[in-house]
Each structure stands twice: as structure tokens, then as C-alpha cells.
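The next block holds one structure in the form of C-alpha cells; read it before the comments.
Nothing in this text is a laboratory measurement; each read-out follows from the coordinates by a stated rule. No experiment lies behind these values; they were computed from the predicted model shown. In this analysis, Cβ positions are derived from the backbone assuming ideal geometry, glycine residues included, and neighbour counts consider all displayed protein chains.
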């Protein structure tokens with residue numbers, strides 16, 4: 001947590017600096033651990049149905065630095081860091097699995113918001129949002145999936161995550177050059193993969209037990225396919241997808257549209273895997289409409 005103000009001095013984009021300075025922490029009591037879990041969040045706006053933003057894999061709430069301020073003019077808008085990710089505490093006594101992430105998310109919602117939300121999940125956060133909506137349908141008024149995971153088979157890498165391969169894997173992922181290549185592949189317009197973006201994407205790597213939590217999540221199997229359960233989603237659902245997504249491709253956009261009963265699909269032109277960063281105004285318009 002101490003690292004946030006330190007790195008904020010190196011940020012250059014106004015939206016990045018503003019959001020870092022608005023990060024707050026709340027001790028969330030859950031059945032996962034006797035002690036409350038210090039959890040990071042940002043909230044802007046006060047009106048209308050709350051919007052809850054959920055980030056992707058190995059990321060933080062900072063990925064909503066451009067989208068959140070736009071939504072905050074129209075709705076009370078929250079961005080939270082999932083258990084094991086972002087700046088939320090990674091206690092040694094916790095395991096970081098989708099089930100525990102869902103439990104922590106529910107108790108975070110109950111502590112901070114406690115009214116039905118428009119739930120927005122990006123990439124892996126989309127899988128989290130699907131899982132959460134199926135388990136707690138009374139909490140989710142509407143669902144928004146942005147270039148969402150949730151239709152692929154569970155990754156097999158978890159069975160190989162034993163010493164020293166586990167720490168070698170996270171060391172590889174923390175390499176600045178590797179992260180820059182990933183960032184560039186996420187955008188259609190590569191100019192978005194600038195130094196400020198790289199800093200935002202790597203800020204949480206300085207948090208204590210980052211690598212251990214990532215290893216724990218990977219060993220859990222992560223998120224697999226919800227193909228058989230998608231028909232049970234009752235909430236009106238908007239699927240937003242970048243036309244040039246090179247991370248997940250584009251085929252799953254139509255598959256989600258076909259499998260989720262009350263859904264619409266909105267394509268974002270000249271856009272990669274992260275419409276909320278690359279085309280924030282168009283993404284916000286799709287959500288608000």
C-alpha cells in the first residue's frame with residue numbers, strides 16, 4: 001500500500017494520477033479468514049443504480065482510469081480490486097481461487113454498496129462477473145461483459161506450477177519487456193501502450209506476496225468455461241467487444257450473444273482487447289445506453 005503514493009509521482013496521465021489518489025482501503029470481514037481483509041476500491045458519483053467495475057487477470061482497478069470518471073457523471077460507480085489482485089491484501093493464510101474471489105466480492109459488495117448493481121467485468125473480470133451473477137442473481141440488476149473470458153476450457157498450466165517453475169513463471173510475467181509486449185498486443189492503436197500505461201499495469205507488482213497469490217490462483221485452475229450455465233443468466237446483458245481483439249479473438253463475442261438469453265452485442269471499431277482503455281467514451285456510451 002505504501003507504494004501507491006510513491007509511484008503516483010511517476011505517472012503522467014491525468015486520469016492515472018487522479019485515480020491513484022482516490023484509492024481507498026476498507027477492512028472487509030469474510031468467512032475466509034478470522035481477520036478482515038484490507039481491500040482497495042474507488043468510488044465516484046452518487047446518483048442512479050450503482051455500477052461495479054471488475055478488472056482482468058493480473059491487473060487492478062487502475063485499468064478503469066478512463067472509463068470510471070465518465071460513468072461517475074451518471075451513476076455511482078465503484079471499481080474494486082479482487083482478492084489476490086490489485087492492492088487488496090494477500091494474506092499468507094488465504095488461497096486465491098475463483099470461489100474465494102467470489103466470496104470476497106460478495107462481502108465487499110455487502111459492506112460498501114448493499115444494493116443491486118450494474119456489474120461490469122472486463123476480460124477475466126467478465127468470467128468473475130458471470131460466476132457472481134449466477135450465484136447472487138439478486139445482487140446483479142444488469143450485466144456488462146467487456147471482451148470477456150468464460151468460454152474457454154480451464155488452463156492446464158496449473159499442474160506445472162511447482163517450485164521452481166512457479167516462481168520462474170511469475171518472474172517471466174514481471175519482466176518489463178514481457179509486460180510491454182502484452183500491453184502492445186492488447187491495443188489496436190499501439191500508441192496507447194505508453195510508459196504511463198505500463199506503469200499502471202505494473203504498479204500492483206510491488207505489493208507484498210504478488211507472485212505467491214498469482215501462483216495460488218493459477219494452481220486453483222482459474223476460470224474455465226461457463227458455456228452450460230450461460231442460459232441461466234436472467235439479467236439483461238450487454239456484450240461489448242473490440243473488433244480487433246488479438247488476446248481472446250472475436251468468435252466468443254457471438255457465442256456469448258447466442259448463449260445468454262437476454263443479451264445484445266455491441267462492437268467497438270478499431271479497438272483491441274481493452275475498449276474501456278482504448279475507446280473509453282464509446283464503451284461508456286454502450287454501458288449507459
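Each residue, residue 74 and residue 227, gets one label point 7 Å from its Cα in the Cβ direction; the gap between the two is 3.4 nm. The helix-only estimate of mean residue ellipticity at 222 nm for the chain, built from DSSP H runs of length n ≥ 4 each weighted as -39500 (n - 2.57), is -10500 deg cm²/dmol after division by the residue total. Considering only 111, 238, 128, the Gaussian network model of the chain with Cα springs below 10 Å gives its largest mean-square fluctuation to 111.
Packing-based ranking of 20-33, 214-227 yields 214-227, 20-33, ordered from highest to lowest mean Cβ neighbour count within 10 Å.
What is the extension gain from residue 243 to residue 48, computed as 0.36 nm multiplied by their sequence separation minus the C-alpha to C-alpha distance, in nm to one decimal?
Numbers: separation 195, 0.36 × 195 = 70.20 nm, distance 3.04 nm.
Answer, rounded to one decimal: 67.2 nm.
The slack between residue 9 and residue 250, meaning 0.36 nm per residue of separation minus the straight C-alpha distance, is 83.0 nm.
Scoring 176-188, 197-209, 46-58 by mean Cβ neighbours within 10 Å over their residues and listing the highest first yields 46-58, 197-209, 176-188.
Expressed per residue, the C-alpha convex hull volume of segment 86-243 stands at 133 Å³.
Full-extension gain between residue 209 and residue 27, please, as 0.36 nm times their residue separation minus the C-alpha to C-alpha distance. Walk me through the intermediate numbers first.
Numbers: separation 182, 0.36 × 182 = 65.52 nm, distance 1.82 nm.
Full extension of this stretch gives 63.7 nm more.
A simple spin-label model places pseudo-atoms 7 Å from Cα toward Cβ; at residue 173 and residue 35 they are separated by 2.4 nm.
By DSSP, what percent of the beta bridges with both residues in the chain are antiparallel, rounded to the nearest 5? Working shown, then result.
On the way: 10 of 34 bridges.
Among the beta bridges of the chain, antiparallel pairing accounts for roughly 30 percent.
Does the chain classify as rounded, prolate or oblate by the C-alpha gyration tensor (a ≥ b ≥ c root eigenvalues; a/c under 1.5 gives rounded; else a/b over b/c gives prolate, otherwise oblate)? All intermediate terms of the calculation are to be shown ahead of the outcome.
Numbers: a/c = 1.16, a/b = 1.13, b/c = 1.03.
Rounded is the answer for the chain, as its axis ratio a/c remains below 1.5.
Shape index of segment 194-254: Rg/Rh, with Rg the Cα radius of gyration and Rh the Kirkwood radius from the inverse mean 1/r over Cα pairs, equals 1.07.
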